[in-house]
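The structure under discussion appears below in the form of C-alpha cells.
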Amino acid sequence: MIRGSSSRIARTRVGPSNSRTATRGMADRPIIAANKNFVPIRTNLRGSALLNTPRLNKGAGFSREERQIFGLEGFLPYDVHSLEKQALRAYNQLLKQPSVILKHAFLASLRDQNQVLFYKIMQDHLKELLGVLYTPGAAEAVANYSNLFRRPVGCYISFPNQDGMRAQLEGHLLDVNRTADVAYDSNNPHDAIDLVVVTDAEAILGIGDQGVGGITISTSKAALYTLGAGINPNRILPVVLDCGTDNHALFSDSLYMGWKRTRIRGKNYDQFVDRFIQNCRELYPNAIIHFEDFGMANAYRLMEKYKDIPMFNDDIQGTGAVALAALIAAIKVSGARLADQRIVIYGAGSAGMGIADQIKDGLMILEGLSEEEASRRFWCVDRNGLLVESMGNNLRHAQLPYARPDAEVEDWAKSEGDNDGVWLMDVVKNVKPTVLIGTSTHSRAFSEDLIREMGKHVERPIIFPMSNPTALCEVDPADALHWTENRALVATGSPFPPVELGGGKQYTVAQTNNALIYPALGLGAILARSRTISNSMLMAGVNSLASLSPALTNPEASLLPDLADVRNVSVEVAAAVCRQAVADGNAQDENTIKVVQGKGSLPLEEYIRSRMWDAVYRPLELVD
Ligand SMILES: NC(=O)C1=CN([C@@H]2O[C@H](COP(=O)(O)OP(=O)(O)OC[C@H]3O[C@@H](n4cnc5c(N)ncnc54)[C@H](O)[C@@H]3O)[C@@H](O)[C@H]2O)C=CC1
Ligand SMILES: CC(=O)C(=O)O
Ligand SMILES: [Mg+2]
C-alpha cells in the first residue's frame, strides 16, 4: 500500500469542504453512505502516468486545482468538463460505431482509459448497453478475441506456466494494492480482493470452447457485479484458466493468443484447478470465487469439491435461482401451484440441471415434497432424447435423479424419428407439460407445432427459452405468444423487445438471466464474509427476487424486474442473502452481523447501499 508522509488533496467540485479530514490513516476511515464518494484516493502518479491509469483517470474531468497539483496542465485541452458532459460525448461516439462488435470494442477501450466514465455510461444506458457488453455482444467478442486484441485485461493463468502461478497471482494482488483506494478499510494487503470470477472457457454462453478468449466472459461478468451490485471493480479479479482448447478453428488461427494444445483433462486438469483455488484461498482469503462457463462434467465436480469454501457456479446455481424466481412469479400469475407443475427441460447440461435442482429444492422447501416426489415432476430431454433409466452409464451424475423409468414411456405414442429415443415432441404430447424450459443452444427448437401442442393442454403455458446468445434462443417470444393466442408466460435468457399483443397492449418479456441475481448473491456473501454460499442463502435470494416481480401486481407485466433496475433489486436480494448467512451461522463480518441483528447505526438496506461503489469521480490525494 502507498503510505505518504506528506500529502495534498485537490478539492474538486465533488469533494465536501472538509475533505482534508479524510487524510487520517486508512484503518480508521469509516466509509459510510454520506461520505464514501468524497474519501480521497491516494496516488503518487502525475502527468501522463495519471492520465494513463484508468482507475484514476478523469480526463477532461480533472478540475483546475487537480491539474495544478498533478501536473496535468499541458496534457489536457483547457476546458474542464463534468462527468455528465464527458458521458454525453462518449455515448455519442459509441452510437457512431456501426456494429455490436465495434460497440463492444469501444466500450472495452473506454474501460481501459477511464473506469468511472465507462461505468457512468453503462449505468446511464444499462438496458441498451448490456446487450453490447454482455449477451449477445459478449459472444461475438469472445469468439473474435485474438483478432480484436488490443491490450490484456484481467488475469491469465496458463497450464504451461503453472509453476509460476503463485507469483502471477501475487502480482495481481500487488497491483490491486498499488491503487490504495481498494484497501480503505484494512491495513492487510490480502484483503484487497473481494471476488474472483474464473472461467476455463470450455462452455462459453452457448458457443462452446473459446480458449483464452474466455477472459472476456470473466471481464463482462465482473463488470456486471459493479453495475448490478456496486462491487468495487478494483477489488474484482477476472481470470481465465488457459487449459488449451479443443476448438479446431482457434487451433488453426495463426493469430490465436492462447496455449495451442488440446485441452488438458483428468488428473492434470484437477491438479491445475486445485493449485489455482488453493493459491486464491491463501492470497485472497476473503474473496468469494465465481465459476463461469466450465464444461458440464467439470462444473458439477468442482462445485461439489469446493462446496465448503465461499464459491458458487453461476451457470448451475445462478441460473437455477433466476429460473425458479421467474417460475414462482409465473405460477402466481397463472393461479396454479408449484407442486402441480409438469416441467420439461430441453438441454440437460449445466444450466438445465441447475434449474432442475433449484426448482426441486423449491418443491421440497416451499411445497413440502420429498426429494423423490419432487424429482418426478421433471422430464429432461438432451441430444439422445428423453433421459431414461436405461441410458445408465451414458447419464451424467447430475442427470441421474431425473431419468424416467423406461416403463413409463413404453406405451407412449411416438411421432418423431426412429425408436431409438423419445424426442421433444413426443414428450410434450405425452407429458402435457405446464412448463417448458430451453437450455439446449438449439436455435428455434421450439417449433410452431410444438408450442401449439403444448398450448392445447394448458391454459397458461410457461415457456422459458433461456439459451444465449439471442441467435440460439429456442423460440422468439413473439412467436410463442402468437402461437398460444397470447396465453403463454414467456421469459428469455437474452434481451428481446416487448411483444405487441394488439389492442394497444404490450407484453414485456422478462430477461431471465443469472445476471439478475448473481451480483446480489455475491454482494451478500462478500458483505457477510460468508464461510460458504449455502443452498439456503440461494433460496433466500430466490424468494426475495420473486417477491419483486412486477407480474405480482400486474399480470401483464414482466415476470421479473427489469435488468435495468438490477442495482435496486440487488439491495433487496443481497439483504436477504446477508440475513440468511447470519441465520445459518455462516457470516463472519462483525459489522454486517451487527447490522443484521439491528445493532448497527444503519438499517441493513442502507448499510448495503453505503458499501456500494458508485461511478463518480472521487477526490485524489497526492502522496510523495
Ligand atoms: N439465461 C441464463 O441465465 C443462462 C443461459 N444459459 C444458456 O443455456 C445454454 C446451455 O448452457 P450450458 O448448460 O452451460 O451448456 P451445456 O453444454 O452444459 O448444456 C447444453 C446441453 O444441451 C444439450 N444439447 C445440445 N444440442 C441439443 C439438441 N439439439 N437437442 C437436445 N439437447 C441438446 C447438450 O448435449 C448439453 O447437455 C447456453 O445457450 C447458455 O447460454 C446458460 C447459463 C445461464
Ligand atoms: C448467462 C450465462 O451465464 C450463460 O449464458 O452462460
Ligand atoms: Mg455462463
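Of the residues making up segment 153-168, not a single one is closer than 23 Å to residue 227 by Cβ, open to solvent by 30 Å² or more (accessible area, probe 1.4 Å), modelled with pLDDT under 95 and away from ligand 2 (no atom under 16 Å from the Cβ).
Just the residues that are away from ligand 2 (no atom under 16 Å from the Cβ) and open to solvent by 10 Å² or more (accessible area, probe 1.4 Å), please, taken from segment 458-468. Write out each step before concluding.
So in segment 458-468, the residues away from ligand 2 (no atom under 16 Å from the Cβ) come out as 458-463.
Across segment 458-468, the qualifying residues are 458, 459, 460.
Here is the figure for segment 549-582: residues that are closer than 28 Å to residue 595 by Cα, over 19 Å from the mean Cα position of the chain (by Cα) and surrounded by fewer than 24 Cβ atoms within 10 Å (Cβ to Cβ) total 3.
Consider residue 308 carefully, then state whether it is more than 16 Å from ligand 2 (Cβ to nearest atom) and either open to solvent by 10 Å² or more (accessible area, probe 1.4 Å) or over 19 Å from the mean Cα position of the chain (by Cα) (or both). Walk me through it before giving the result.
Numbers: more than 16 Å from ligand 2 (Cβ to nearest atom): yes; either open to solvent by 10 Å² or more (accessible area, probe 1.4 Å) or over 19 Å from the mean Cα position of the chain (by Cα) (or both): yes.
It is true that residue 308 is more than 16 Å from ligand 2 (Cβ to nearest atom) and either open to solvent by 10 Å² or more (accessible area, probe 1.4 Å) or over 19 Å from the mean Cα position of the chain (by Cα) (or both).
Being under 30 Å from residue 490 (Cβ atoms), within 13 Å of ligand 3 (Cβ to nearest atom), of a type outside the set (A, V, I, L, M) and in a loop (DSSP other than H, G, I, E, B), is that true of even one residue in segment 324-335?
Restricting attention to segment 324-335, the residues satisfying the condition of being under 30 Å from residue 490 (Cβ atoms) are 324-335.
Add one more test, that the residue is within 13 Å of ligand 3 (Cβ to nearest atom), and what stays is none.
There is no residue in segment 324-335 that is under 30 Å from residue 490 (Cβ atoms), within 13 Å of ligand 3 (Cβ to nearest atom), of a type outside the set (A, V, I, L, M) and in a loop (DSSP other than H, G, I, E, B).
Look at segment 137-150: where a residue is open to solvent by less than 30 Å² (accessible area, probe 1.4 Å) and a partner is among the acidic types (Asp, Glu), sitting 6+ places away or on another chain with Cβ atoms under 9 Å, you get 146/253.
Looking at segment 39-58, which of its residues are under 22 Å from residue 613 (Cα atoms) and either of a type in the set (A, V, I, L, M, F, W, C) or in contact with a Leu (Cβ under 7 Å, 6 or more places away or on another chain) (or both)? If the condition is that a residue be under 22 Å from residue 613 (Cα atoms) and either of a type in the set (A, V, I, L, M, F, W, C) or in contact with a Leu (Cβ under 7 Å, 6 or more places away or on another chain) (or both), then 39, 40, 41, 43, 50, 51, 53, 56, 57 are the ones that fit. Just checking, does segment 586-599 include any residue being in contact (Cβ under 8 Å) with a residue 60 or more places away in the chain, under 30 Å from residue 489 (Cβ atoms) and of a type outside the set (D, E, K, R)? No, segment 586-599 contains no residue that is in contact (Cβ under 8 Å) with a residue 60 or more places away in the chain, under 30 Å from residue 489 (Cβ atoms) and of a type outside the set (D, E, K, R).
For residue 319, indicate whether it is out of contact with any strand residue (DSSP E or B) (no Cβ under 7 Å at 6 or more places or on another chain), at pLDDT 95 or above and open to solvent by less than 40 Å² (accessible area, probe 1.4 Å). Yes: the conditions hold for residue 319. Look at (1) open to solvent by less than 10 Å² (accessible area, probe 1.4 Å); (2) assigned to a helix (DSSP H, G or I); (3) farther than 23 Å from residue 164 by Cβ and you find that residue 215 fails only one, number (3).
Among the residues of segment 52-66, write down those that are small (Gly, Ala, Ser) and either at positive phi or surrounded by 18 or more Cβ atoms within 10 Å (Cβ to Cβ) (or both).
Answer for segment 52-66, where residues must be small (Gly, Ala, Ser) and either at positive phi or surrounded by 18 or more Cβ atoms within 10 Å (Cβ to Cβ) (or both): 59, 61, 63.
You will find that of 426, 406, the residue that is touching a Leu at 6+ places or on another chain (Cβ under 9 Å) and within 14 Å of residue 386 (Cα to Cα) is 426 and no other. Checking residue 289 against (1) within 16 Å of ligand 3 (Cβ to nearest atom); (2) in contact (Cβ under 8 Å) with a residue 40 or more places away in the chain; (3) farther than 14 Å from residue 157 by Cα; (4) open to solvent by 10 Å² or more (accessible area, probe 1.4 Å), only one condition comes out false. Which one? Going through the list (1) within 16 Å of ligand 3 (Cβ to nearest atom); (2) in contact (Cβ under 8 Å) with a residue 40 or more places away in the chain; (3) farther than 14 Å from residue 157 by Cα; (4) open to solvent by 10 Å² or more (accessible area, probe 1.4 Å), residue 289 breaks only (4). Residues that are aliphatic (A, V, I, L, M) and either farther than 25 Å from residue 423 by Cβ or within 13 Å of ligand 3 (Cβ to nearest atom) (or both) within segment 336-354 comprise 336, 338, 339, 351, listed in sequence order.
If you go through segment 341-355 one residue at a time, do you hit one that is in a helix (DSSP H, G or I), touching a Cys at 6+ places or on another chain (Cβ under 8 Å) and open to solvent by less than 10 Å² (accessible area, probe 1.4 Å)? Give the derivation first.
Taking segment 341-355 and keeping what is in a helix (DSSP H, G or I), we get 350-355.
Applying the additional criterion that residues be touching a Cys at 6+ places or on another chain (Cβ under 8 Å) yields 352-353.
Checking the rest, the ones that are also open to solvent by less than 10 Å² (accessible area, probe 1.4 Å) come to 352-353.
Yes: segment 341-355 contains one or more residues that are in a helix (DSSP H, G or I), touching a Cys at 6+ places or on another chain (Cβ under 8 Å) and open to solvent by less than 10 Å² (accessible area, probe 1.4 Å).
What number of residues within segment 193-211 are open to solvent by 10 Å² or more (accessible area, probe 1.4 Å) and either more than 13 Å from ligand 3 (Cβ to nearest atom) or part of a loop (DSSP other than H, G, I, E, B) (or both)?
Within segment 193-211, the first condition is being open to solvent by 10 Å² or more (accessible area, probe 1.4 Å), and the residues that meet it are 194, 202-203, 205-210.
Among the residues that remain, those that are also either more than 13 Å from ligand 3 (Cβ to nearest atom) or part of a loop (DSSP other than H, G, I, E, B) (or both) are: 194, 202-203, 205-207, 209-210.
Of the residues in that region, 8 qualify.
Out of the residues in segment 374-396 meeting the condition of being part of a helix (DSSP H, G or I) and closer than 20 Å to residue 297 by Cβ, tell me which one is most open to solvent (accessible area, probe 1.4 Å). Of everything passing the filter in segment 374-396, 393 is most open to solvent (accessible area, probe 1.4 Å).
For segment 469-495, what are the residues that are open to solvent by 10 Å² or more (accessible area, probe 1.4 Å) and either touching a strand residue (DSSP E or B) at 6+ places or on another chain (Cβ under 7 Å) or among the hydroxyl-bearing types (Ser, Thr, Tyr) (or both)? The answer is 470, 478, 486, 495. Cβ separations smaller than 7 Å between residues 6+ apart or across chains give the following pairs from segment 462-476 residues that are of a type in the set (D, E, K, R) to residues that are open to solvent by 30 Å² or more (accessible area, probe 1.4 Å): 474/346; 474/442; 474/444. Only one of the listed residues (559, 622) is modelled with pLDDT of 95 or more and touching a strand residue (DSSP E or B) at 6+ places or on another chain (Cβ under 8 Å). That residue is 559.
Against the definition (within 13 Å of ligand 1 (Cβ to nearest atom), buried (at least 18 other Cβ atoms within 10 Å of the Cβ), under 18 Å from residue 320 (Cα atoms) and of a type outside the set (Phe, Trp, Tyr)), how does residue 359 come out, yes or no? Steps first, answer last, please.
On the way: within 13 Å of ligand 1 (Cβ to nearest atom): no; buried (at least 18 other Cβ atoms within 10 Å of the Cβ): yes; under 18 Å from residue 320 (Cα atoms): yes; of a type outside the set (Phe, Trp, Tyr): yes.
The answer is no for residue 359.
For segment 86-107, filtering for residues that are assigned to a helix (DSSP H, G or I) and without any contact (Cβ under 8 Å) to a residue 12 or more places away in the chain leaves 5. All told, residue 520 falls short of being of a type in the set (Gly, Ala, Ser), within 14 Å of ligand 3 (Cβ to nearest atom) and under 20 Å from residue 327 (Cβ atoms).
When 516, 521 are checked against the criterion of being in contact with a strand residue (DSSP E or B) (Cβ under 8 Å, 6 or more places away or on another chain) and open to solvent by less than 10 Å² (accessible area, probe 1.4 Å), a single residue qualifies: 521.
A single member of 440, 415 is hydroxyl-bearing (Ser, Thr, Tyr), open to solvent by 10 Å² or more (accessible area, probe 1.4 Å) and either without any contact (Cβ under 8 Å) to a residue 24 or more places away in the chain or assigned to a helix (DSSP H, G or I) (or both), and it is 415.
The values are calculated or read from the model by the stated rules, or taken from the named source; none is laboratory data. This structure is a prediction, so every number in the text was calculated from the model and none was measured. Methodologically, a virtual Cβ is constructed for each residue, glycine included, from the backbone with ideal geometry; neighbour enumeration extends over all protein chains shown. The accessibility values were calculated without ligands, DNA or RNA, using every heavy atom of the protein model including side chains. Shrake-Rupley method; radii C 1.70, N 1.55, O 1.52, S 1.80 Å.
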